[in-house]
Amino acid sequence: MGESGKVELLKARICAQGFTQEFLKDYFETYALVAKLDPIRVSLVLVTQKGMRVRQGDVPTAYVKAVLAEVIYVRQPRGFEEASQPHVWRQKKALYGIKQAGREWNVELNKFLISYGLKPTREDACVYVHPVDELIVLVYVDDILIDYRDELVFRGLMQALQSKYQIKDLGDARWFLGIRIAMNLSNGVTTLDQSQFASEFLRRFGMDDCRPRKTPLDQRTVLYSRAQG
């Protein structure tokens, strides 16, 4: 879904049947970190105050870019069997569907960003800052925000991410986690809204023709204290 609320891309992927996995045999830890909304908002405030820029990136099929530590075998997907080799496959990458896939990708990306010179903050381990360059990276699974001032600094990081993970440069951040971002750096103003989400919510429940009110309570309602009965 794009910022207009319309389907922009259709895709399909092969998934493993993670519901058959056994704890302490096929997987151990599954928890994967994501950036919290508060640091995302704070970073946009900082960018606005300092006149920096925000670019957005998306890592396609991110999970399968992480190496799988456990030994897991899967059956060949129906319709895609290799007749000459009717065997099971050993999973080498964190295929979508397995319980630890999200964590393995999180660990993989974390290692890369640290090796690049970025450091996770104490407040949020998915918010990374560079100790020298004015560079902030926020990670929400495979969606990445990059705050920067120097275009060369941004280009260096983006090229490294493209070489390693084939990240897509989506340009200036305008739509992130269902939130529309409108930045006017010349006026020093950034606005965030979820109007598209609100409109879709009303359509889903057949209320798209409803008339807005400032308060859901009838203004003629008289309220009494509990002591008055």
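The values are calculated or read from the model by the stated rules, or taken from the named source; none is laboratory data. Quantities reported herein were computed from a predicted structural model and do not represent experimental measurements. Note that we place each Cβ from the backbone using ideal geometry, even for glycine, and neighbour counts take in every protein chain shown.
Could you give me the residue pairs with C-beta distances under 9 Å whose first residue belongs to segment 166-191 and is at positive phi, whose second residue is of a type outside the set (D, E, K, R) and assigned to a loop (DSSP other than H, G, I, E, B) wherever it lies, and which are 6+ apart or on separate chains?
GLN166/VAL59; GLN166/PRO60; GLN166/THR61; GLY178/MET1; GLY178/GLN194; GLY188/GLY51
Within segment 151-176, restricting attention to residues that are part of a loop (DSSP other than H, G, I, E, B) and within 15 Å of the chain's Cα centre (by Cα), which residue is farthest from ASP193 (Cα to Cα)?
In this case the residue turns out to be ILE167.
Can you tell which of LEU185, LEU202, LEU192 is modelled with pLDDT under 85, under 30 Å from VAL42 (Cα atoms) and surrounded by 10 or more Cβ atoms within 10 Å (Cβ to Cβ)?
LEU185
With respect to GLU104, determine if the residue is touching a residue at least 24 places away in the same chain (Cβ under 8 Å), surrounded by 19 or more Cβ atoms within 10 Å (Cβ to Cβ), of a type in the set (Asp, Glu) and over 30 Å from MET183 (Cβ atoms).
Yes.
Among the candidates ARG13, ARG75, which residue alone is farther than 30 Å from LEU145 by Cα and over 18 Å from the mean Cα position of the chain (by Cα)?
Of ARG13, ARG75, the one residue that is farther than 30 Å from LEU145 by Cα and over 18 Å from the mean Cα position of the chain (by Cα) is ARG75.
So, in segment 16-49, of the ones that are surrounded by fewer than 14 Cβ atoms within 10 Å (Cβ to Cβ), of a type outside the set (Ser, Thr, Tyr) and farther than 17 Å from ILE181 by Cβ, which residue ends up nearest to the chain's Cα centre (by Cα)?
GLU29
Tell me, which residue of segment 50-79 that is out of contact with any Leu (no Cβ under 9 Å at 6 or more places or on another chain) and without any contact (Cβ under 8 Å) to a residue 40 or more places away in the chain is surrounded by the most Cβ atoms within 10 Å (Cβ to Cβ)?
In this case the residue turns out to be GLN76.
What's the number of the only condition in (1) at pLDDT below 95; (2) more than 30 Å from ASN187 (Cβ to Cβ) that GLN49 fails to meet?
(2)
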